[in-house]
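In what follows, a single structure is set out as structure tokens and then discussed.
The values are calculated or read from the model by the stated rules, or taken from the named source; none is laboratory data. Model, not experiment: these values are computed from the prediction. A quick note on method: Cβ atoms are made from the backbone with ideal geometry, for glycine too, and the neighbour counts reach across all protein chains shown.
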Amino acid sequence: MRGCDWRHPIDSDGPPNEATIKQALYLRQIYTEILAMEERLVPIRQLMLKQSDEGRREVELTNAPVVAAQAERFRQLLGHWEARVAELGGESRVKP
């Protein structure tokens, strides 16, 4: 599934090794925002506490893995753009 495969960036991103510092900073910000949103969805089990066992099980087998995979995809893509920003001499936000 392409949507969860971090090796396939969003088409409009372009190759990271060709991005200017302006493009890399912009995409780093976009992926930071997307990842923050996805990470708020990861604790989906908390939303399921009042569901039936069957409903909870179905979400755990279908929705929860997709949400976790999407978060990981954006985490990896953010890492690529963070590296490109650093490569171009921009300020890194990665904590040592």
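Working carefully through the options Val85, Val94, find the one that is at pLDDT below 85, within 19 Å of the chain's Cα centre (by Cα) and aliphatic (A, V, I, L, M).
On the way: Val85 fails: at pLDDT below 85.
Being at pLDDT below 85, within 19 Å of the chain's Cα centre (by Cα) and aliphatic (A, V, I, L, M) holds for just one of Val85, Val94, which is Val94.
Just the residues that are touching a residue at least 12 places away in the same chain (Cβ under 8 Å), farther than 30 Å from Asn17 by Cβ, touching a helix residue (DSSP H, G or I) at 6+ places or on another chain (Cβ under 6 Å) and not hydrophobic (A, V, I, L, M, F, W, C), please, taken from region 27-67.
none
Name the single residue that is surrounded by the fewest Cβ atoms within 10 Å (Cβ to Cβ) among those in region 29-58 being among the hydroxyl-bearing types (Ser, Thr, Tyr) and part of a helix (DSSP H, G or I). If you could, list the steps in order and put the result at the bottom.
Keep residues of region 29-58 that are among the hydroxyl-bearing types (Ser, Thr, Tyr), which gives 31-32, 52.
Now restrict to residues that are part of a helix (DSSP H, G or I): 31-32.
Numbers: Tyr31: 24, Thr32: 14.
Checking each candidate, the answer is Thr32.
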